[in-house]
Amino acid sequence: MDIVEKKVKINEADLSSLLGYNDLYLTMLESRFQSSIAVRGDNVIIRGEPLEVKVIEKTLNELQYILSRKGILTQDDVSSVLQFADSTMPSDNPQKATDISLNTVVLSGKRETIKPRNAHQAEMVSKVLSNDLCFAIGPAGTGKTYLAVALALAALKNNEVTRIVLSRPAVEAGESLGFLPGDLSEKVDPYLRPLLDAITDMVSAEKFKSMSEKRIIEIVPLAYMRGRTLNNSFIILDEAQNATRTQMKMFLTRLGRNSKCIVTGDITQIDLPYKKDSGLVDVERILQSIPGIEFVYFDKADVVRHRLVADIIHAYDMNDEVKNSQNE
C-alpha cells in the first residue's frame with residue numbers, strides 16, 4: 001500500500017478559525033479519514049493513501065474558501081464539505097448496504113479490507129447497525145473483538161460518533177496487579193493489550209497516537225468507568241465474562257445520547273473467583289426481551305484464528321463433558 005505525505009500551506013485563512021475551537025474541525029477531519037493530519041506552524045501535514053490525501057487537500061482548500069468568503073466557519077459548513085468528500089471516496093459504511101453479507105465492507109483497514117468472515121459475523125454487523133446495544137458471546141478466536149473495533153472505527157470515520165471508548169475488566173489471573181512492575185498505566189497495559197493490538201492493526205501507529213492524545217480513542221480499565229456518561233460514543237466492553245454483576249450494571253448505565261455499545265465475552269472462560277458472579281451470564285437472563293438490545297452467539301465453527309484453535313476448543317469441551325459425566 002503506497003503512503004504519501006502532502007504539506008498544505010494555510011495562507012489566506014486564520015488557522016485557529018479553520019481548525020475550530022479546541023481543534024473541533026480538525027477532529028472532525030481526523031475522524032472521517034484514515035490518514036494522519038498534523039499541524040506544523042502554518043502547514044497542515046497529511047500522510048496516508050494518495051487518493052485520500054488528495055481528497056483531504058481539496059477539503060481543506062474548500063474550507064479555506066468558505067472561511068474567506070463568509071468570515072466564519074461553522075460546524076455545519078464542515079459537515080457539508082465532509083459529506084461532499086464522502087461522495088468522492090469508496091464508502092466504508094456498511095449501513096449503506098441493504099443486506100449484510102460476507103461481501104459487506106465494514107472498514108478499509110491499514111492492511112486489508114475488513115468484511116464479515118462467516119454468517120455469525122455478518123449477523124453481528126447487522127445487529128450492531130440496527131441496535132444501540134449488542135452482546136457478542138462465544139469462544140476465543142471468533143473475531144468478536146476485532147470486528148467490534150472495526151465497526152467502531154467505521155462509525156467514527158462516518159461521523160456517527162465523536163469518540164471510541166474501549167474497556168476491559170482488569171481481572172487478575174495468577175498474577176496480582178500490585179506485584180507487576182511499573183505505574184498504574186504500565187500495570188493495566190497487559191489487560192488492555194488485545195484492544196490495542198486490534199486497533200493498531202487497522203490504523204497507523206501515528207494516527208492512533210494522535211487520536212489517543214486528543215481523546216478521540218480512549219482505552220480504560222472497567223473500574224475507571226464509574227460516574228461517567230458517554231454521549232456520542234461507540235463503547236466496547238471486551239472480556240465481559242470477567243465483569244461482576246455490579247460492574248456490568250455500572251458499565252451498561254454509562255450509555256449516553258447517540259451512543260452505541262458492543263459487549264463481547266466468552267462464558268466458558270470466566271476468571272472470577274466464583275463463576276456465578278459473572279455479569280455476562282446474568283444479562284442473558286435479564287435483558288433478553290428489551291427492544292434495542294440484541295445477542296449474537298458464536299461457536300467453535302466460527303473460529304478465524306489458526307486452524308488448531310477450533311480443535312483445541314473442541315478438545316477442552318470434550319474433556320469438560322467427560323468430567324461432568326464422572327461427577328454425576
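Taken together, the values in this text are just the output of simple stated rules run on the coordinates, not laboratory data. These numbers come from a predicted model, not from an experiment. Cβ: placed from backbone, ideal geometry, glycine included. Neighbour counts: every protein chain shown.
Each of the peptides 161-168, 254-261 was scored by the mean count of other Cβ atoms within 10 Å over its residues; in descending order, highest first, they stand as 161-168, 254-261. Computed from point charges on the beta carbon alone (+1 for Lys and Arg, -1 for Asp and Glu), the dipole magnitude for region 113-164 about its Cα centre is near 160 Debye.
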